[in-house]
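Contents: one structure, followed by commentary.
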Amino acid sequence: MSMNTFGHLFRVTTWGESHGPALGATVDGVPPGIEINEEMLQHWLDLRKPGQNKYTTQRREPDAVRILSGVFDGKTTGTSVQLMIENTDQRSKDYSEIAQKFRPGHADITYYQKYGLRDYRGGGRSSARETAARVAAGGIARAALDQLLPGLKITGYMVQMGHRKADPTAYDLSEVANNPFWCPDAATANAWADDLDALRKSGNSVGAVIEVTAQGAPAGLGAPIYGKLDTDLAAAMMSINAVKAVEIGEGMAAACLTGTENADEITMGPDGPIYSSNHAGGILGGISTGQDIVVRFAVKPTSSILKSRKTITLDGENTEIITKGRHDPCVGIRAVPVGEAMMACVLLDHYLLHRGQVGGAGGTLAT
């Protein structure tokens with residue numbers, strides 16, 4: 001059993017620490033013949049990398065990915081793909097003052113309680129820097145999906161920062177690339193800028209909610225009970241650093257609906273079933289319906305803040321701590337491409353599982 005691996009047929013194992021020499025991923029189960037190169041993967045990493053604007057950590061990492069194995073003449077060979085990203089801008093001295101203290105809200109204390117030691121330099125494996133490896137692996141998954149399911153499109157965006165929510169009636173996905181918050185609502189993005197400026201200058205932080213959708217996913221992905229598509233999507237999103245909640249479709253709000261409101265009515269269209277709504281988030285009984293797959297996850301506020309907080313030392317003494325260094329005032333901003341990558345990895349994994357088990361035996365609805 002590996003504690004650093006996720007996936008069934010398409011399996012990703014990440015390795016490395018925030019302040020080690022490098023981090024990366026070993027990706028198994030990649031179909032052969034998928035066109036891939038470092039430039040293609042770099043596109044996705046550039047969307048996640050730090051220091052791109054004043055609203056993210058000012059750590060300057062190029063996040064340059066190298067493909068060490070599994071690709072020949074620009075195509076995957078069917079063997080494991082090894083990816084490496086070197087760390088070049090570590091400032092471990094920023095963390096020397098906390099070597100004997102536990103940071104509230106961080107995994108410092110639980111890592112120590114479990115392993116008897118901890119890497120205090122940026123959190124080691126608990127650092128969000130680990131997600132760079134996932135984004136690189138997600139780039140491979142996207143390339144495979146582009147070839148196997150060319151109609152599939154994965155899009156992530158931020159829908160809430162703190163108490164302020166984006167207006168669903170004003171969503172315009174073309175706006176997502178026009179602001180540093182991945183927000184589909186331009187007016188809300190402007191308000192978030194003011195909110196985050198004030199928080200950043202005060203040394204505080206804030207949480208966020210990210211939504212990731214997959215358009216064009218075929219019906220039939222997933223399986224009943226333990227192989228549910230939404231089970232694996234929830235686990236994938238929940239594994240992202242700082243994520244504290246995951247919703248599929250209507251999510252927690254489904255508890256406020258009646259049965260007549262929640263049921264997505266079905267009629268027959270010229271090309272197959274048509275659903276009147278999508279409260280289910282594109283998944284019924286753990287299996288995709290062919291509608292948009294909709295996942296949301298909540299990211300807690302960054303725990304490293306320039307505010308004095310009570311804590312204890314390794315010796316069990318009461319003390320206070322201020323976490324210095326370079327940190328995201330809203331880590332949710334850089335979580336958007338990570339959520340997209342995890343969606344891609346899970347969908348490719350389930351497509352390969354479906355193809356291997358069912359092939360073309362699925363039911364066809366006559367028109």
task = Would you mention how many residues in the stretch 129-162 are touching a Leu at 6+ places or on another chain (Cβ under 9 Å) and among the polar types (S, T, N, Q)?
result = 1
request  = Working carefully through the options 90, 58, 52, 113, find the one that is at pLDDT below 90, more than 16 Å from residue 15 (Cα to Cα) and either assigned to a helix (DSSP H, G or I) or under 19 Å from the mean Cα position of the chain (by Cα) (or both).
outcome  = 52
query = Just for strands (runs of 3 or more DSSP E) wholly inside the stretch 245-337: which have at least 1 residues that are open to solvent by less than 20 Å² (accessible area, probe 1.4 Å), among the β-branched types (Val, Ile, Thr) and closer than 16 Å to residue 158 by Cα?
reply = 293-299
remark   = Of the residues in the stretch 169-195, those that are under 15 Å from residue 155 (Cα atoms) and among the hydrophobic types (A, V, I, L, M, F, W, C) come to 173, 176, 177, 181, 182, 183
inquiry  = Being of a type in the set (Asp, Glu) and part of a loop (DSSP other than H, G, I, E, B) is true for just one of 119, 146. Which residue is that?
reply    = 119
ask   = Do any residues in the stretch 246-263 that are in contact (Cβ under 8 Å) with a residue 24 or more places away in the chain have Cβ atoms under 9 Å from those of residues that are open to solvent by 50 Å² or more (accessible area, probe 1.4 Å) and assigned to a helix (DSSP H, G or I), where the two are at least six apart or on different chains, and which pairs are they?
value = 246/235; 246/238; 250/256; 250/262; 254/262
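Take the residues in the stretch 213-244 that are charged (D, E, K, R) and within 18 Å of the chain's Cα centre (by Cα); name whichever of them is most open to solvent (accessible area, probe 1.4 Å). It would help to see each step written out before you state the result.
Filtering the stretch 213-244 down to residues charged (D, E, K, R) leaves 228, 230, 232, 244.
Of the ones still in play, those that are also within 18 Å of the chain's Cα centre (by Cα) are 230, 232, 244.
Values: 230: 40, 232: 32, 244: 137 Å².
In this case the residue turns out to be 244.
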Total residues in the stretch 27-48, condition surrounded by 21 or more Cβ atoms within 10 Å (Cβ to Cβ) and under 18 Å from the mean Cα position of the chain (by Cα) = 5
message = Tell me whether the stretch 340-356 contains one or more residues that are open to solvent by 40 Å² or more (accessible area, probe 1.4 Å) and in a loop (DSSP other than H, G, I, E, B).
response = no
request  = Taking the residues in the stretch 159-192 that are of a type in the set (S, T, N, Q) and not in a helix (DSSP H, G or I) as candidates, determine which candidate is modelled with the lowest pLDDT.
outcome  = 179
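The values are calculated or read from the model by the stated rules, or taken from the named source; none is laboratory data. Because the structure is a prediction, the values reported are computed rather than measured. Glycine gets a Cβ as well: all are built from the backbone with ideal geometry, and neighbour counts include every protein chain shown. All accessible areas refer to the heavy atoms of the entire protein, side chains included, with ligands and DNA or RNA removed. Shrake-Rupley method; radii C 1.70, N 1.55, O 1.52, S 1.80 Å.
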